1. Would it be correct to say that Gln45 is closer than 23 Å to Leu215 by Cβ, not hydroxyl-bearing (Ser, Thr, Tyr) and not in a helix (DSSP H, G or I)?
2. Find all pairs meeting these conditions: Cβ atoms under 7 angstrom apart; at least six residues apart or on different chains; first residue within region 143-172 and touching a residue at least 24 places away in the same chain (Cβ under 8 Å); second residue of a type in the set (Asp, Glu).
3. Go through (1) under 21 Å from Leu136 (Cα atoms); (2) touching a helix residue (DSSP H, G or I) at 6+ places or on another chain (Cβ under 7 Å); (3) at pLDDT 95 or above; (4) open to solvent by 60 Å² or more (accessible area, probe 1.4 Å) and name the single condition Lys107 misses.
4. Of everything in region 73-112, what is closer than 30 Å to Glu22 by Cα and among the acidic types (Asp, Glu)? Give them in sequence order.
5. So which of Ala152, Ala140, Ala68, Ala121 ends up being open to solvent by 60 Å² or more (accessible area, probe 1.4 Å) and not in a loop (DSSP other than H, G, I, E, B)?
6. What are the pairs with Cβ atoms under 9 angstrom where one residue, in region 6-30, is open to solvent by less than 20 Å² (accessible area, probe 1.4 Å) and the other, located anywhere, is among the acidic types (Asp, Glu)? Sequence gap at least six, or different chains.
7. Mind checking which residues of region 73-91 are surrounded by fewer than 18 Cβ atoms within 10 Å (Cβ to Cβ) and either of a type in the set (Ser, Thr, Tyr) or outside any strand (DSSP E or B) (or both)?
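The values are calculated or read from the model by the stated rules, or taken from the named source; none is laboratory data. Every value quoted in this text rests on a predicted model; they were computed, and no experiment measured them. FYI the Cβ positions are ideal-geometry reconstructions off the backbone, even for glycines, and counts take in every protein chain you see. What goes into the accessible areas is simple: the full protein's heavy atoms, side chains included, and nothing from ligands, DNA or RNA. Shrake-Rupley method; radii C 1.70, N 1.55, O 1.52, S 1.80 Å.
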Amino acid sequence: MKIAVITGASSGMGREFAKQIEHFYQNLDEIWIIARRKERLEELQQQLQTKARIITGDLLEQDFYREAKALLEQHHPDIRMLINAAGFGKSGTFLEIHGADETIQSKMIDMNCRSLTQMCALCIPFMSEGSRIINLASAASFCPQTGFAVYAATKSYVLSFSKALNQELKGRRIYVTSVCPGPVKTEFFEVAGGMNSAAKAFFMADPKKVVRLALLDSKKKKTMSVYGMSMKAAHIGGKLLPSQWLLNGMDLLK
């Protein structure tokens, strides 16, 4: 049984990946869609032509991974693609966010870093030659960001981890792509606290286009997928310019 596994499928980029993936992999037997909100997954299930298996659970809880492992061992599928789209961010200074909720930034690290890592460890044993992993990073991974400090740091982890994992898995011909968009028109900013600058609103991207490019880049075995010239320029700037210059420049744009 050939399947795709998608976390964070109830909304945003994860939901869009679920809608588009069956057009890229037309021989999939099932798409396993994972999120906490069952009613959202049921709505998505009705929109897909490929059979969708709903898996509800909290990726911050270890019980989820034990149950998911048992399900994989029961069906022993061939995972053709794993898409780690679950994640969230909070906008504000480190101390502002901590003052509002002392646990939220630790949960952000757990969700964006630990859960993504655990999903890779869980699924890779069930992957075969030619399988793909797509990890949702962000253009925020290119350099530190004030007002988004922890989120940007977690996405730097995703980018670094994904590059190393891709190299480690080359011998098995399993390929890992990091998706690094700028602001995308999803529910993300409702959770994050809204747009905190006119600049981010100006660069807001269409999730359909970001996901389409990500799937194409994954098919081409690219290690990164960066949508839009502005974000590609940001990637180059992050590599060439001192981080302090970039931090000062971002402060001016706020």
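1. For Gln45, the condition - closer than 23 Å to Leu215 by Cβ, not hydroxyl-bearing (Ser, Thr, Tyr) and not in a helix (DSSP H, G or I) - is not met.
2. Close Cβ pairs satisfying both conditions: Thr146/Asp251; Arg172/Glu129.
3. Of (1) under 21 Å from Leu136 (Cα atoms); (2) touching a helix residue (DSSP H, G or I) at 6+ places or on another chain (Cβ under 7 Å); (3) at pLDDT 95 or above; (4) open to solvent by 60 Å² or more (accessible area, probe 1.4 Å), only one is false for Lys107: (2).
4. Answer for region 73-112, where residues must be closer than 30 Å to Glu22 by Cα and among the acidic types (Asp, Glu): Glu73, Asp78, Asp110.
5. When all the criteria are applied, what remains is Ala121.
6. Going by the 9 Å Cβ cut-off, the qualifying pairs are Ser10/Glu39; Ser10/Glu43; Leu28/Glu22.
7. Scanning region 73-91 gives Glu73, Gln74, His75, His76, Phe88.
Here is a yes/no grid of residues against (1) within 29 Å of Lys208 (Cβ to Cβ); (2) touching a strand residue (DSSP E or B) at 6+ places or on another chain (Cβ under 7 Å); (3) of a type in the set (Gly, Ala, Ser):
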{"site": "Met119", "(1), (2), (3)": "yes, yes, no"}
{"site": "Gly130", "(1), (2), (3)": "yes, no, yes"}
{"site": "Cys143", "(1), (2), (3)": "yes, no, no"}
{"site": "Ala149", "(1), (2), (3)": "no, no, yes"}
{"site": "Thr177", "(1), (2), (3)": "yes, yes, no"}
{"site": "Cys180", "(1), (2), (3)": "yes, yes, no"}
